[in-house]
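What follows is a short report on a single structure.
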Amino acid sequence: MDLQLKGKTALVTGSTAGIGLAIAERFAAEGVDVVVSGRSQDKLDAAVAQVGKAGRVRGILADPGTAVGVDALIAAVPSVDILINNLGIYEAKPFAQITDEDWTRFFEINVMSGVRLSRHYFPRMLEADWGRIIFIASESGLLTPGEMIHYGTTKTAQLAIARGLAEQTRGTNVTVNSVLPGPTRSEGIVEFIRSVVDNKDAPEAEREAEFFTRFRPLSLIRRLIEADEIAAMVAFLASPLAAVTNGAAIRAEGGIVPTIA
């Protein structure tokens, strides 16, 4: 299927690994001019090399989890057609041990990165009468996990921001949506699962099975999602073919969230 994205420009934050990298690769394969960002030059170079196999890519060394990093990105890329707010961190931590500093750090990275970038690019998209902003949220934005309440709260905030921005697009060709992945395979999630299961030395498949039995029992697929499965959903939402999907929170979480949620 031709997603009609050739010639568009996309900025994907948190794009040196995991879901962000998969999204960048998918965009490049669709003919999008992709901008990836990273905090480590080595990881950024590796991501650029990988995405470059699929198409056109540019790497920007900047940390959009800070105001300074956002300013650097905007200076390097003043205008984009597609903004993917993917940058995010997570950790398991008992609620009583989540400090004020933890809360501030999570909101700066998970929420304010997207707020700051959207604040710049959104008005320009409205002026051009075309654009896509997609927040990569999480099923945790609907079902807050008890083992990482601070993370879940930031994901709920992303859903609210995306919907509020979408309310301002009436009558335009700009859309703002959220995608809610479930647990998605990456180096980080593998270590996260190890940190919460009982038998930390069990084979990876057994740890994964224990995780879904104990912590995500409502999952219908009962497995980790692959990053390219999320990337396919994001690419469609970013395309002209998804013009009627606006202000939506699209679930791509393997059935963890009940329909009534």
Just one of (1) in contact with a Leu (Cβ under 6 Å, 6 or more places away or on another chain); (2) aliphatic (A, V, I, L, M); (3) assigned to a loop (DSSP other than H, G, I, E, B) trips up I221, so point out which.
(1)
All-but-one check, G146 against (1) within 19 Å of L5 (Cα to Cα); (2) more than 20 Å from the chain's Cα centre (by Cα), failing number (1)
Exactly one of these conditions fails for E167: (1) of a type in the set (D, E); (2) modelled with pLDDT under 95; (3) part of a helix (DSSP H, G or I). Give me its number.
(2)
Can L117 be described as modelled with pLDDT of 95 or more, part of a helix (DSSP H, G or I) and under 22 Å from A22 (Cα atoms)?
yes
Starting from residues that are out of contact with any Asp or Glu (no Cβ under 8 Å at 6 or more places or on another chain) and touching a residue at least 24 places away in the same chain (Cβ under 8 Å), keep the ones in the stretch 184-201 and report whichever is farthest from I23 (Cα to Cα).
S195
Check whether at least one residue in the stretch 143-151 is among the hydroxyl-bearing types (S, T, Y) and farther than 20 Å from Y121 by Cα, and report yes or no.
yes
Can you pull out the helices (runs of 4 or more DSSP H) entirely within the stretch 1-114 that have at least 3 residues that are crowded, with 21+ Cβ neighbours inside 10 Å and within 13 Å of the chain's Cα centre (by Cα)?
18-29
Lone unmet requirement of (1) under 17 Å from G152 (Cβ atoms); (2) modelled with pLDDT under 95; (3) surrounded by 13 or more Cβ atoms within 10 Å (Cβ to Cβ) for P258:
(3)
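Residue-wise test of (1) assigned by TED's automatic domain parsing to the domain that holds S37; (2) under 26 Å from I256 (Cα atoms); (3) touching a residue at least 40 places away in the same chain (Cβ under 8 Å).
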{"site": "K93", "(1), (2), (3)": "yes, yes, yes"}
{"site": "R105", "(1), (2), (3)": "yes, no, no"}
{"site": "G131", "(1), (2), (3)": "yes, no, yes"}
{"site": "I161", "(1), (2), (3)": "yes, yes, yes"}
{"site": "T169", "(1), (2), (3)": "yes, no, yes"}
{"site": "V179", "(1), (2), (3)": "yes, yes, yes"}
{"site": "P203", "(1), (2), (3)": "no, yes, no"}
Looking for whichever is farther than 16 Å from A92 by Cα and of a type outside the set (S, T, N, Q) here; the options are G164, G182. Which one fits?
G164
(1) of a type in the set (F, W, Y); (2) under 28 Å from R170 (Cβ atoms); (3) more than 17 Å from the chain's Cα centre (by Cα) all hold for F236 apart from (3)
Go through the stretch 88-147 and count every residue that is out of contact with any helix residue (DSSP H, G or I) (no Cβ under 9 Å at 6 or more places or on another chain) and hydrophobic (A, V, I, L, M, F, W, C).
2
Residue tally, condition more than 16 Å from A75 (Cα to Cα) and charged (D, E, K, R), over the stretch 97-128
6
Expected output for the stretch 230-242 (first residue closer than 17 Å to D33 by Cβ, partner outside any loop (DSSP other than H, G, I, E, B) and among the aromatic types (F, W, Y), Cβ below 7 Å, 6+ apart or cross-chain) is A235/F27
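The values are calculated or read from the model by the stated rules, or taken from the named source; none is laboratory data. Note that the structure is a prediction, hence the values are computed from the model and not measured. Because the Cβ atoms are built from the backbone with ideal geometry, glycine has one as well, and the counts that use them run over all protein chains shown.
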